[in-house]
Structure formats: structure tokens, C-alpha cells
Amino acid sequence: MLIESVDVLVSSPGRNFVTLRITTDDGLTGLGDATLNGRELAVAVYLSEHVVPLLVGRDAANIEDTWQYLYRGAYWRRGPVTMAAIAAVDTALWDIMAKAAKMPLYQLLGGRSRTGLLTYGHASGVDLPELFDSIREHLDEGYRAIRVQTGIPGLPSVYGVAHSSNAATGTGSGTDSRYDYEPARRGALPVEETWDTRAYLRHIPGVFEAVRSEFGPELTLLHDAHHRLTPIQAAKLGKSLEPYDLFWLEDVTPAENQSALRRVREHTTTPLAIGEVFNTIWDYRELFEEQLIDYVRSPVTHAGGITGLRRIFDFASIYQIKSGAHGPTDVSPVGLSAAIHLGIAIPNFGIQEYMQHSPATHEVFRTTYKFEGGMLAPSDAPGLGIEYDDEAAAGHPYERAYLPVNRLLDGTVHDW
Ligand code: GCO
Ligand code: MG
């Protein structure tokens with residue numbers, strides 16, 4: 001089964017996506033997600049100029065060899081652009097092989113280890129009443145685990161807090177602002193946000209105290225600090241949140257310095273998750289071997305595909321570390337479906353982030369996975385169970401868009 005043609009598909013149904021479609025000489029097609037938020041065309045060009053010419057004529061069945069060829073063979077290893085490109089090729093090949101076997105992909109990965117994946121959604125509000133409404137809406141939708149982000153007094157806007165303008169811009173469904181389809185408030189030029197860590201640290205414990213007293217002890221709660229703290233600030237936050245029994249505290253310190261988490265770990269028993277901006281198993285080595293984290297945040301899309309992420313999860317499993325894959329709207333339905341198939345199969349599944357894509361996104365990506373009672377489950381359609389509608393995509397051309405830049409109140413550029 002030889003690879004006959006490869007298409008790099010760039011579209012913007014509600015937000016930008018880069019999708020790879022591989023077609024074999026016996027007419028099977030496979031899809032892979034190569035979306036890198038705010039840097040989409042870098043991956044599209046890496047694919048079309050450097051990767052596609054290497055694929056045509058290769059045996060689609062040799063997935064591992066293709067992965068190694070693209071990873072080791074390039075000499076320039078790792079990095080988000082390279083690994084998103086490799087992820088797309090790898091995912092598309094798994095999709096093809098599962099279709100060739102007439103099986104849902106999870107079956108090729110070892111079959112079901114569970115009936116569905118526990119997910120968490122994003123509740124947010126500029127203040128407590130809005131936050132509570134958002135939590136209630138998520139509970140009504142069936143979510144059993146909820147990430148909580150709020151506005152901070154003194155800061156005009158904060159990452160991860162839904163903006164009611166979404167409904168008006170067409171990035172949302174047009175009628176509600178519950179789901180922040182564009183959590184980063186993208187624009188033609190980067191939006192600049194402001195940040196004050198001390199104000200944040202003063203405010204957040206009170207938010208979780210209020211949420212616990214309103215919603216009780218059972219609800220699974222998570223929080224994302226988006227790489228903004230120093231190790232000692234993160235330690236303080238983790239400690240101050242211990243009474244509220246978080247499922248995890250995410251991305252407390254900048255991702256470049258893995259050993260920062262050693263300091264955090266010394267001070268708190270709040271579980272830690274990191275890795276949405278990591279891209280290889282090497283980024284996790286120290287964290288796993290020293291058991292400095294509890295959950296792996298990498299998605300299929302940014303960590304070298306099913307092959308790359310499965311290797312990471314297996315490595316994690318020997319240290320009782322579980323999966324907690326990134327699942328914002330900038331991971332396309334193709335990437336999400338790959339995560340669902342992998343998550344249903346692995347022994348050390350933890351939780352899956354699920355923000356829900358916009359209706360516009362679903363016009364282009366026809367999905368078959370199911371969301372019920374807060375759980376995601378793959379369908380039994382062969383392969384990933386996703387179809388890409390070229391005609392619908394043509395109505396949504398690429399538009400340049402950036403993630404925000406974060407500044408301290410005195411103007412200093414800060415981590416985002
Ligand atoms: C999350 C993330 C996202 C990212 C976004 C960047 O935990 O879901 O932090 O909101 O910021 O996906 O591309
Ligand atoms: Mg995050």
C-alpha cells in the first residue's frame with residue numbers, strides 16, 4: 001500500500017486549522033492534525049516543502065519507520081513545528097491502517113481499556129456569580145470535571161476567562177458565550193494582556209473556597225496557571241489550594257525549566273500537570289524519573305502523533321503518572337479523535353480536556369465521536385472516524401491570527 005498523494009489543507013472554520021490528508025494507491029485516505037496555534041503556516045510550509053516530497057511512494061504500512069525517518073533523518077530534531085508535522089503524518093498513517101483493517105483505530109492500539117474518557121470543560125467568569133453560572137451550565141451539559149478560571153480584581157482581562165464578545169464575533173455559536181472557542185482572544189495583531197502575580201495569588205484561593213462551598217466536595221476541579229509563576233510562587237499557590245482538593249494544578253512554571261517543579265513538589269501535595277507545549281519524550285525524562293508531576297498534558301497533535309504520544313504515556317505509566325491530554329479548540333477534531341482512540345486504549349488514562357469545537361468547525365470536520373454524561377467515546381467507524389469536507393472548507397479561508405502577548409503592569413513582557 002503505497003502513498004500516492006498528500007494534501008496540506010489549511011482552513012479557518014471558526015479558527016485556523018492545518019490538516020494533512022494522505023491518499024494511498026488503493027484509494028484509502030487518512031487525516032492528521034498539524035495545527036499550531038498562531039504559527040499555522042510554518043507547519044503547513046514545513047509539510048509541503050520538506051515532508052510531502054519524502055512521503056510519496058513510501059509504504060503506508062511502515063508507520064514506525066516513517067516516524068523515525070522524519071525525526072532522526074532530518075538531523076534537526078524536536079521543536080513544535082517539526083513535531084506537529086510528524087504528528088500529522090503519523091496520525092494519518094494510523095487512520096489509513098485502521099481503515100485498511102476495517103477497524104476503529106483504538107482496536108489496532110490494543111482495544112478498549114474503558115468505556116469512555118472522563119473529560120473536563122472550561123468554566124470561567126469575570127466574577128464569582130458569572131463563574132457559578134458557567135459551572136452550572138457545564139454541569140447541565142453533563143461535565144463531571146471542571147477547570148475553573150476567573151477574572152482578577154485590578155486586571156482588565158485574564159487568559160482563559162470567556163469574553164462575552166465571542167458571541168458577537170461569530171467565533172462562538174452566536175447565541176452564547178459559555179464556550180470560549182477562542183480562549184486566547186486572537187486577532188490580526190496580538191492582543192496585549194496585563195498580569196500581576198501577587199494579585200492573582202491573593203485572589204485564587206478565595207475563588208476555590210467559594211466554589212467548594214457552593215458546589216460541595218465531590219466535584220472534580222482543575223486550574224491552569226499558564227506558566228506564569230516562579231517556583232516559589234507556584235509552591236505557595238499549590239499549598240494554598242490544598243484544602244480545596246484539586247484534581248490538578250496545571251502549568252505552574254515556564255516549560256523550559258523542568259527542574260523548577262522539584263521546588264514546587266517539595267512544598268505541596270496538590271497534583272501537578274504540565275506539557276501542553278512540550279513536544280517529545282525527552283521533555284518529560286526528568287519529570288518522570290523524579291516523579292515530579294502527576295499528569296501529562298501533551299496532545300497527539302504536538303507530540304509526534306499516536307506513535308510519539310503513546311511512547312510518552314508508556315514511559316509515564318511506570319511511574320504511576322497518567323494522561324491528561326490537551327484538548328482546546330486549537331486541537332482540531334482530527335487531533336481530538338486521535339486522542340480519544342489513544343485514551344480509550346492506554347492503561348494509564350487520567351482525564352481528557354474537552355472544550356467543544358464551534359458549529360463552524362463541525363461543518364468542515366464531520367465527527368463520529370460521542371459526548372455523553374461528561375464522557376467522550378470513539379465510534380466504531382473504521383480509522384479515526386473523521387471526514388474532512390473540502391467544499392465546506394473552501395468557504396473558510398485562512399486568516400492570520402495571533403495568541404496574545406502578556407505584560408506586567410509596568411510593561412515588561414511576561415510568560416504567557
Ligand atoms: C489549555 C490551554 C489553552 C492554550 C491554547 C494555546 O489548557 O487548554 O492552556 O487554552 O492556551 O491551546 O494554543
Ligand atoms: Mg493549559
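The values are calculated or read from the model by the stated rules, or taken from the named source; none is laboratory data. Quick caveat, the model's predicted, so the values are computed rather than measured. In this analysis, Cβ positions are derived from the backbone assuming ideal geometry, glycine residues included, and neighbour counts consider all displayed protein chains. The area values use the complete protein model at the heavy-atom level, side chains included, leaving out ligands, DNA and RNA. Shrake-Rupley method; radii C 1.70, N 1.55, O 1.52, S 1.80 Å.
The alpha carbons of region 3-104 give a radius of gyration and a Dmax of 12.9, 36 Å, in that order.
At 1.4 Å probe size, with the rest of the protein present, what percent of the exposed accessible area of the chain is carbon and sulfur atoms? Of the solvent-accessible surface of the chain, carbon and sulfur hold 51 percent. Sequentially through region 73-89, phi angles give Karplus couplings (6.51, -1.76, 1.60; θ = phi - 60°) of x, 7, 6, 7, 9, 6, x, x, 5, 4, 6, 5, 5, 4, 4, 5, 4 Hz, Gly and Pro residues having no value and appearing as x.
Packing, taken as the mean count of other beta carbons within 10 Å per residue, orders the peptides 142-153, 342-353 from highest to lowest as 342-353, 142-153. If you bin all the Cα-Cα distances of region 97-143 at 5 Å, starting from zero, the percentages per bin are 5, 17, 15, 12, 9, 9, 10, 10, 8, 4, 1. Can you give the translational diffusion coefficient of region 265-364 in µm²/s, computed by Stokes-Einstein from the Kirkwood radius over Cα pairs at 25 °C and 0.890 mPa s? After rounding, the answer is 179 µm²/s. Surface calculation, 1.4 Å probe, protein heavy atoms: residue 408 sits at approximately 50 Å² accessible. Look at where the Cα atoms of region 229-280 and of region 61-140 average out, and the two centres are 23 Å apart. The residues of the chain expose, per residue, 39 Å² of accessible area to a 1.4 Å probe. Shape index of the chain: Rg/Rh, with Rg the Cα radius of gyration and Rh the Kirkwood radius from the inverse mean 1/r over Cα pairs, equals 0.95. The heavy atoms of residue 224 present about 0 square angstrom of accessible area, all protein chains included, probe 1.4 Å. Ligands, DNA and RNA excluded, the heavy atoms of residue 396 present near 40 Å² of accessible surface to a 1.4 Å solvent probe. In this calculation the C-beta distance from residue 408 to residue 50 is compared with R0 = 51 Å, giving a FRET efficiency of 0.85. For the chain, the relative contact order is 22 percent, taking Cα pairs closer than 8 Å that sit 6 or more residues apart in sequence and dividing their mean separation by the residue count. Per-peptide packing, taken as the mean over residues of other Cβ atoms within 10 Å, places 95-106, 248-259 in the sequence 95-106, 248-259 from highest down.
If you run the Gaussian network model on the chain, springs between alpha carbon atoms under 10 Å, then out of 75, 295, 120 the most flexible one is 75.
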